[in-house]
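Trainee: Right, I'll just put the structure down here and ask away after.
The values are calculated or read from the model by the stated rules, or taken from the named source; none is laboratory data. Not measured: the values here are computed from a predicted model. Positions of Cβ are generated from backbone atoms using ideal geometry, with glycine treated the same way; all protein chains shown enter the neighbour counts.
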Amino acid sequence: MQPLLTIKNLKKYFPIHAGILNKTVGHVKAVDGIHFNVYPGETLGIVGESGCGKSTTGRTILRLSEPTEGEVLFNGKDLAKLSKEEMRRMRKDIQMIFQDPFASLNPRKTIKQTLMESLVVHGIGSKEERKKRIEEIIQVVGLRPEHLDRHPHDFSGGQRQRISIARALVVNPKVIIADEPVSALDVSIQSQILNLMKDLKKEFQLTMIFISHDLSVVKHLCDRVAVMYLGRVVEIADKKSLFANPSHPYTQALLSAIPQANKAQKKERILLHGDLPSPANPPSGCTFHPRCRFATELCKSTPPELREVSEAHMVSCHLYEEINQR
Amino acid sequence: MSVILDVRNLVTTFSTDYGKVAVVDGVDFVIKQGETLGVVGESGCGKSVTSLSIMGLLAQNGKSEGEIRFHDKNLLQVSEKEMQKIRGNEIAMIFQEPMTSLNPLHPVGKQIGEAVLLHLKVSKAEAKQRAIQMLKAVGMPRAEEIYNEYPHQLSGGMRQRVMIAMAMACDPKLIIADEPTTALDVTIQAQILDLMQDVKEQTGTSIMLITHDLGVVSEMCDRVIVMYAGQVVEETDVETLFSEPKHPYTVGLMESIPELGTEKEYLDTIPGAVPLAHQMPTGCRFAPRCSKVMPICEQKQPPLLELSNQKCRCWLYQEVSE
């Protein structure tokens with residue numbers, strides 16, 4: 001299958017300024033050379049802890065922040081090289097859902113105005129058609145047409161996230177990038193939104209990049225998962241393969257760290273020591289080596305490449321064979 | 001095991017534009033020596049307000065009634081001066097967001113020492129020693145240097161360690177931890193939970209752990225109360241909670257969480273949202289969202305029924321208890 005979206009060696013460095021002259025003294029390497037494909041109809045999960053660059057990846061694909069280097073191929077076009085105007089038109093096909101439904105909706109606009117704006121900006125339909133489309137989409141996300149004349153403050157967090165989803169869907173995009181769409185919600189509301197997203201995925205054959213820190217949520221919704229650590233993808237695999245055989249020591253630790261409500265499924269916990277190193281000054285070699293239980297001299301000096309270890313399962317670790325044969 | 005905190009019929013009301021609103025409405029529970037009590041519920045269920053009522057830290061427009069017995073005192077009746085002696089000394093609190101609860105203008109060591117200086121009869125030098133000792137106890141590397149560092153120089157996990165060190169500094173009998181790991185990443189959360197477990201084993205302190213994460217409850221707690229809309233709806237030991245949850249809300253909550261070990265096409269959901277504090281339904285507060293609702297549920301509020309292994313506020317179990 002041809003990938004719908006191909007990310008090649010994408011980098012995003014944020015400069016650090018200091019001194020009176022505001023000289024650039026270094027860079028925060030938020031995203032540091034990542035590669036992956038997204039295939040039509042699939043949901044790719046990107047997981048990692050705060051500061052690993054998962055949100056920056058999403059924003060850089062959409063050019064909400066400009067990539068420093070690399071290519072984002074969508075339908076054969078490199079999004080990174082498009083002009084601002086071309087990119088704006090391209091956003092009809094790639095839409096984003098943000099984390100905080102309280103901050104991402106304009107409080108002064110009614111829901112109708114918010115949804116209408118997307119259609120007008122992209123010049124979709126006549127006035128009548130737009131109105132029909134909005135009424136249709138609001139029901140798709142589980143709200144009612146009479147909600148259209150209200151303002152965001154009339155809605156609860158879960159309802160607002162439904163509106164955000166409607167706003168992304170209303171222009172019929174090919175790809176949706178969802179950045180932590182359920183993290184701000186309570187568990188009973190979270191499950192409502194997750195079910196809705198699963199429905200929409202089926203109904204519209206959506207291709208989605210789902211960014212989250214919550215592995216259980218990612219497992220529930222995604223088909224493939226990429227695990228990021230300090231700006232790099234350390235493991236990317238089919239969901240089944242990743243959760244059955246987590247192969248990178250970081251993925252293993254991450255999975256074991258999740259508190260499980262079900263005691264029967266409790267595993268030995270791998271406790272990682274220390275904190276995430278600063279992305280402004282990442283460790284040499286494999287960036288995970290200072291916290292890795294298996295680290296060797298090789299890990300300290302040479303960064304590992306992402307390589308295929310079994311079908312559709314890629315890991316970036318020198319010690320894959322040794323660790324996983326124990 | 002002796003009871004160290006006994007909360008009886010706690011009602012906390014706030015005066016608002018909608019009139020007097022009871023955010024906590026008739027809550028009873030006890031915490032025993034050396035146990036960890038989990039308080040579970042979603043936003044707005046009153047779990048944080050319960051803890052603030054115990055600490056006497058309510059906002060100006062808030063008022064608590066009922067009884068909060070700590071040792072032989074009713075904390076709702078002691079003077080502010082006396083409360084200051086208890087707060088931070090015998091009952092300490094760990095807040096969710098360490099960045100906003102530490103003072104950004106003072107070095108962290110001094111903030112730990114401040115509590116020691118205030119409550120124990122020690123010299124400044126001794127207070128400093130104690131602060132450094134506490135920083136070491138919570139697993140901070142280079143404790144002497146960190147003593148002089150400011151909160152912004154530390155990571156989220158380290159700040160939360162400082163908060164725990166501060167809470168532990170006066171050897172409190174009870175620690176109230178309000179979502180202590182919610183703002184942290186999972187691998188850091190694992191470190192902090194591990195630390196809290198160690199602290200508890202070493203000192204025998206009781207912990208009241210407020211959280212919305214059932215995974216954390218399962219790992220940390222001995223007993224659990226589940227709160228919904230300002231009331232306790234279920235109370236039981238942690239094994240029973242997970243093996244035989246009784247209240248439809250508890251069951252719904254558990255079913256709606258995606259779990260790593262299980263595969264489900266769709267999650268079960270609880271429809272609707274938590275009612276607002278000034279618009280509480282007259283009958284059972286969970287009735288509008290409940291899948292097992294009966295006519296009586298909408299008319300009369302169920303009492304907290306005593307069942308064999310647990311307490312449960314639900315009409316479904318009325319016959320069982322009689």
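Trainee: Name the one entry in A:E203, A:E136 that is farther than 27 Å from B:A183 by Cβ, in contact (Cβ under 8 Å) with a residue 60 or more places away in the chain and surrounded by fewer than 16 Cβ atoms within 10 Å (Cβ to Cβ).
Mentor: Working: A:E136 fails: in contact (Cβ under 8 Å) with a residue 60 or more places away in the chain.
The conditions single out A:E203.
Trainee: Follow-up question, since we're still on this one. For region B:58-79, how many residues are modelled with pLDDT under 90 and farther than 16 Å from B:K173 by Cβ?
Mentor: 2
Trainee: Quick check: anything in region B:259-272 touching a residue at least 40 places away in the same chain (Cβ under 8 Å) and either under 21 Å from A:D214 (Cβ atoms) or not polar (S, T, N, Q) (or both)?
Mentor: No, region B:259-272 contains no residue that is touching a residue at least 40 places away in the same chain (Cβ under 8 Å) and either under 21 Å from A:D214 (Cβ atoms) or not polar (S, T, N, Q) (or both).
Trainee: If we keep just the residues of region A:41-61 that are among the aliphatic types (A, V, I, L, M) and either within 14 Å of chain B (Cβ to nearest Cβ) or touching a helix residue (DSSP H, G or I) at 6+ places or on another chain (Cβ under 8 Å) (or both), which is surrounded by the fewest Cβ atoms within 10 Å (Cβ to Cβ)? Spell out how you get there, then give the answer.
Mentor: Within region A:41-61, the first condition is being among the aliphatic types (A, V, I, L, M), and the residues that meet it are A:44, A:46-47, A:61.
Checking which are either within 14 Å of chain B (Cβ to nearest Cβ) or touching a helix residue (DSSP H, G or I) at 6+ places or on another chain (Cβ under 8 Å) (or both) leaves us with A:46-47, A:61.
Numbers: A:I46: 28, A:V47: 26, A:I61: 23.
The residue in question is A:I61.
Trainee: Looking at region B:244-280 only, could you name the residues that are basic (K, R) and either within 8 Å of chain A (Cβ to nearest Cβ) or over 23 Å from the mean Cα position of the chain (by Cα) (or both)?
Mentor: Going residue by residue through region B:244-280, those that are basic (K, R) are B:246, B:264.
Residue satisfying the conditions is B:K264 alone.
Trainee: So, in region A:58-90, exactly how many residues are closer than 21 Å to A:V47 by Cα and out of contact with any strand residue (DSSP E or B) (no Cβ under 7 Å at 6 or more places or on another chain)?
Mentor: 3
Trainee: Would it be correct to say that B:D72 is among the acidic types (D, E) and buried (at least 20 other Cβ atoms within 10 Å of the Cβ)? Lay out the reasoning, then the answer.
Mentor: Working: among the acidic types (D, E): yes; buried (at least 20 other Cβ atoms within 10 Å of the Cβ): no.
No: the conditions fail for B:D72.
Trainee: If I go through region B:124-160 residue by residue, how many of them are within 14 Å of another protein chain (Cβ to nearest Cβ), basic (K, R) and within 26 Å of the chain's Cα centre (by Cα)?
Mentor: Total meeting the criteria: 1.
Trainee: With the requirement that a residue be of a type in the set (K, R) and closer than 19 Å to A:R224 by Cβ, what does region A:44-74 give you?
Mentor: To start, the set of residues in region A:44-74 that are of a type in the set (K, R) comprises A:54, A:59, A:63.
Residue satisfying the conditions is A:K54 alone.
Trainee: Here are some conditions: (1) within 9 Å of chain A (Cβ to nearest Cβ); (2) of a type in the set (A, V, I, L, M); (3) in contact with a Leu (Cβ under 8 Å, 6 or more places away or on another chain). B:V232 meets all but one. Which one does it not meet?
Mentor: (1) is the only condition that B:V232 fails.
Trainee: A further question on this structure: How about region B:241-261: which of its residues are surrounded by fewer than 18 Cβ atoms within 10 Å (Cβ to Cβ) and over 28 Å from A:K239 (Cα atoms)?
Mentor: B:S243, B:E244
Trainee: So is B:M227 crowded, with 18+ Cβ neighbours inside 10 Å and more than 11 Å from chain A (Cβ to nearest Cβ) or not? It would help to see each step written out before you state the result.
Mentor: On the way: crowded, with 18+ Cβ neighbours inside 10 Å: yes; more than 11 Å from chain A (Cβ to nearest Cβ): yes.
When the stated conditions are applied, B:M227 passes them.
Trainee: Taking region A:245-281 on its own, how many of its residues are surrounded by fewer than 18 Cβ atoms within 10 Å (Cβ to Cβ) and either within 11 Å of another protein chain (Cβ to nearest Cβ) or touching a residue at least 24 places away in the same chain (Cβ under 8 Å) (or both)? Show your work before the answer.
Mentor: Pass one, region A:245-281, residues surrounded by fewer than 18 Cβ atoms within 10 Å (Cβ to Cβ): A:245, A:262-271, A:273-274, A:277-278, A:280-281.
Going one step further and asking which of them are either within 11 Å of another protein chain (Cβ to nearest Cβ) or touching a residue at least 24 places away in the same chain (Cβ under 8 Å) (or both), we end up with A:245, A:262-267, A:269-271, A:273-274, A:277-278, A:280-281.
So the answer is 16.
Trainee: Write out, first by first residue and then by second, each pair whose Cβ atoms fall under 9 Å of each other, whose residues are 6+ apart or on separate chains, and whose first residue, in region A:93-113, is farther than 23 Å from A:T56 by Cα and free of Cβ contacts under 8 Å to residues at least 12 places away in the same chain while the second is in a loop (DSSP other than H, G, I, E, B) and not hydrophobic (A, V, I, L, M, F, W, C).
Mentor: A:Q113/A:N106
Trainee: Since A:V170 meets every condition but one in (1) away from chain B (no Cβ under 12 Å); (2) surrounded by fewer than 23 Cβ atoms within 10 Å (Cβ to Cβ), which condition does it not meet?
Mentor: (2)
Trainee: Which one of these is without any contact (Cβ under 8 Å) to a residue 60 or more places away in the chain, among the small types (G, A, S) and either exposed (fewer than 14 other Cβ atoms within 10 Å of the Cβ) or under 27 Å from A:D186 (Cα atoms) (or both): B:S51, B:S64?
Mentor: On the way: B:S51 fails: without any contact (Cβ under 8 Å) to a residue 60 or more places away in the chain.
Matching residue, one of B:S51, B:S64: B:S64.
Trainee: Would you please name the residue that is nearest to the other protein chains (Cβ to nearest Cβ), looking only at residues in region B:173-200 that are buried (at least 23 other Cβ atoms within 10 Å of the Cβ) and under 19 Å from B:R87 (Cβ atoms)?
Mentor: B:P180
Trainee: Identify, from the list A:I138, A:I193, A:I163, A:I134, the residue that is within 10 Å of another protein chain (Cβ to nearest Cβ), in contact with a helix residue (DSSP H, G or I) (Cβ under 7 Å, 6 or more places away or on another chain) and in a helix (DSSP H, G or I). Walk me through how you get there before you give the answer.
Mentor: On the way: A:I138 fails: within 10 Å of another protein chain (Cβ to nearest Cβ); A:I163 fails: within 10 Å of another protein chain (Cβ to nearest Cβ); A:I134 fails: within 10 Å of another protein chain (Cβ to nearest Cβ).
After applying the criteria, what remains is A:I193.
Trainee: Do we have any residue at all in region A:292-305 that's within 14 Å of another protein chain (Cβ to nearest Cβ) and of a type outside the set (G, A, S)? Before you say what the answer is, go through the steps one by one.
Mentor: Taking region A:292-305 as the starting set, the residues that turn out to be within 14 Å of another protein chain (Cβ to nearest Cβ) are A:292-293.
With of a type outside the set (G, A, S) added as a condition, the list becomes A:292-293.
Yes.
Trainee: Separate question: Filter region A:72-84 down to the residues that are surrounded by fewer than 16 Cβ atoms within 10 Å (Cβ to Cβ) and either in contact with a Pro (Cβ under 8 Å, 6 or more places away or on another chain) or of a type in the set (D, E) (or both) and list them by number.
Mentor: Matches in region A:72-84: A:D78 only.
Trainee: Additional query: Do you know which residues across region A:172-190 are β-branched (V, I, T) and either in a loop (DSSP other than H, G, I, E, B) or more than 25 Å from A:T60 (Cα to Cα) (or both)? Give the steps one after another, and end with the answer.
Mentor: Residues of region A:172-190 β-branched (V, I, T): A:175-177, A:182, A:187, A:189.
Once the filter is applied, which keeps residues that are β-branched (V, I, T) and either in a loop (DSSP other than H, G, I, E, B) or more than 25 Å from A:T60 (Cα to Cα) (or both), region A:172-190 yields A:V182, A:V187, A:I189.
Trainee: From the list B:L117, B:L135, which one is surrounded by 15 or more Cβ atoms within 10 Å (Cβ to Cβ), within 18 Å of B:I175 (Cβ to Cβ), aliphatic (A, V, I, L, M) and modelled with pLDDT of 90 or more? Steps first, please.
Mentor: Values: B:L117 fails: within 18 Å of B:I175 (Cβ to Cβ).
Every option except B:L135 fails the conditions.
Trainee: Taking the options A:V175, A:V170, name whichever one is of a type outside the set (D, E), under 27 Å from A:V72 (Cα atoms) and within 15 Å of the chain's Cα centre (by Cα). If you could, list the steps in order and put the result at the bottom.
Mentor: Numbers: A:V170 fails: within 15 Å of the chain's Cα centre (by Cα).
Answer to the check: A:V175.
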